[in-house]
Amino acid sequence: MGFEDHQSLIHGLVESHGQQLRRYLLARVRNPSDVPDIVQEVFLRMMRVPNVESVRSPEAYLFTVAQHVVQQHTLKQTAVPPSVDLVRMLGERDPGSSCCDPALEVDAQQCLERLQGGLDKLSPKVRATFLLSRRDGLSFDEIALQLGTTRHMVKKYLMKALTRLRHGLEEAEACGSEMETERRTPQQGKER
C-alpha cells in the first residue's frame with residue numbers, strides 16, 4: 001500500500017468514524033478541551049503504522065489506539081499530582097496560633113521535614129495515591145479511575161506509602177532519641 005493509499009484510508013476513517021471517536025473520547029477524558037489534541041494524536045499514530053494492509057479491522061484498530069492514547073494522557077495528567085511542600089504549607093498558619101513551647105515547634109518542624117523527605121522518596125504512583133487519598137479525600141474507586149489502575153492496586157499503593165512513611169518517622173525518631181541521649185550523657189558526667 002502506497003503513501004496515497006495510506007492517506008486515503010486515514011481520511012476515510014476520519015470521515016466515517018471521526019464524530020464517533022470524539023464522542024468516545026469525550027466520555028473518557030476529564031477535560032473536553034483535550035479531545036482535539038487526543039484525536040490528532042490518534043490519527044498521527046495511525047499514519048505511522050507501517051503495514052496498514054495487515055490491519056484486519058481499521059475501525060477496531062482506531063479505537064484500540066484511541067484507548068491507549070487516553071490511558072497515556074490520563075497517566076500524564078494524574079500520575080504525579082502537584083507536589084506538596086508540607087513545611088511551607090503548615091508554616092502559613094496563623095501566627096497567633098503557634099504553640100507556647102519553642103521545643104515543641106522545633107520538633108513539629110523536624111517531623112514535617114521528615115514527612116516531606118519520605119513523600120519525596122515515594123515512587124510517583126505511590127505518592128500520587130497517597131496525596132489523592134489523604135490530601136484530596138478521593139475514594140479508592142475515584143483514585144483508581146484517575147490513575148488508570150484497579151481498586152486493589154490503589155489499596156496496595158496506599159499501604160506501601162503509609163508503611164514507608166511510618167518507618168521513616170520511626171527511624172528518624174529512634175535516631176533523634178539516640179542523639180538526645182548522647183547529648184545529655186556528657187552533661188550528666190560534668191555535673192558529678
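The values are calculated or read from the model by the stated rules, or taken from the named source; none is laboratory data. The structure presented is a predicted model; accordingly, all values stated were derived computationally and were not measured. A quick note on method: Cβ atoms are made from the backbone with ideal geometry, for glycine too, and the neighbour counts reach across all protein chains shown.
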What are the pairs with Cβ atoms under 6 angstrom where one residue, in the range 2-24, is under 18 Å from residue 36 (Cα atoms) and not assigned by TED's automatic domain parsing to the domain that holds residue 39 and the other, located anywhere, is of a type in the set (A, V, I, L, M, F, W, C) and assigned to a helix (DSSP H, G or I)? Sequence gap at least six, or different chains.
none
Residues in the range 1-52 that are surrounded by 11 or more Cβ atoms within 10 Å (Cβ to Cβ) and closer than 18 Å to residue 75 by Cβ: how many?
11
Being in a helix (DSSP H, G or I) and touching an Asp or Glu at 6+ places or on another chain (Cβ under 9 Å) is the requirement here; does residue 44 meet it?
no
Report whether or not residue 160 is modelled with pLDDT of 90 or more and at negative phi.
yes
